[in-house]
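Just below is one structure, and these are the notes that go with it.
The values are calculated or read from the model by the stated rules, or taken from the named source; none is laboratory data. The structure presented is a predicted model; accordingly, all values stated were derived computationally and were not measured. Cβ coordinates were reconstructed from backbone atoms using ideal geometry, including for glycine residues, and neighbour counts include every protein chain displayed. For the accessible areas, the whole protein counts, side chains as well, though only heavy atoms, and no ligand, DNA or RNA atoms are used. Shrake-Rupley method; radii C 1.70, N 1.55, O 1.52, S 1.80 Å.
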Amino acid sequence: MAEQDSTPQPNDMNDLIAQAAQVQAELQKAQEEILATNVEGSAGNGLVKVTMTGGAELVDLQIDKSVVDPEDIDTLQDLVMGAFKDAHAAAGKLAQEKIGPLSQGMGGQGGPSMDDMFGGF
């Protein structure tokens with residue numbers, strides 16, 4: 001019985017390595033773009049605004065003075081949390097827009113998930 005050679009042809013392997021290197025470079029570029037991009041979230045019709053990087057680093061918090069009531073701290077806390085969650089969702093959407101098409105190119109197998117790369121957006 002003749003044995004079949006299951007090793008890939010050298011040109012095929014070189015092409016695969018080149019493709020993997022290209023995808024890795026594109027992913028690196030996309031990650032850098034995500035981290036350099038600011039996203040905004042708001043709550044209370046814009047009374048509280050949070051600005052963060054695409055990597056979820058808080059860079060600005062704005063609170064309209066009309067919601068600062070010493071007798072109602074709970075509402076202010078809820079608005080800050082809501083604005084943060086809104087900005088966090090925007091960062092996740094940005095990551096999906098930048099990385100999603102690239103991860104489809106990897107066949108969806110074996111690569112890191114969005115959660116692995118960006119902490120669970």
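Being part of a strand (DSSP E or B) and open to solvent by less than 40 Å² (accessible area, probe 1.4 Å) is the filter here, so list the residues in region 48-60 that pass it.
Correct list: Val48, Val50, Thr51, Met52, Thr53.
If you take the residues in region 20-64 that are polar (S, T, N, Q) and under 14 Å from Glu97 (Cα atoms), which one is nearest to the chain's Cα centre (by Cα)?
Out of the qualifying residues, it is Gln31.
If you go through region 61-75 one residue at a time, how many are in contact with a strand residue (DSSP E or B) (Cβ under 7 Å, 6 or more places away or on another chain) and assigned to a helix (DSSP H, G or I)?
Count: 1.
When you go through (1) modelled with pLDDT of 95 or more; (2) assigned to a loop (DSSP other than H, G, I, E, B) one by one for Lys85, which number turns out not to apply?
(2)
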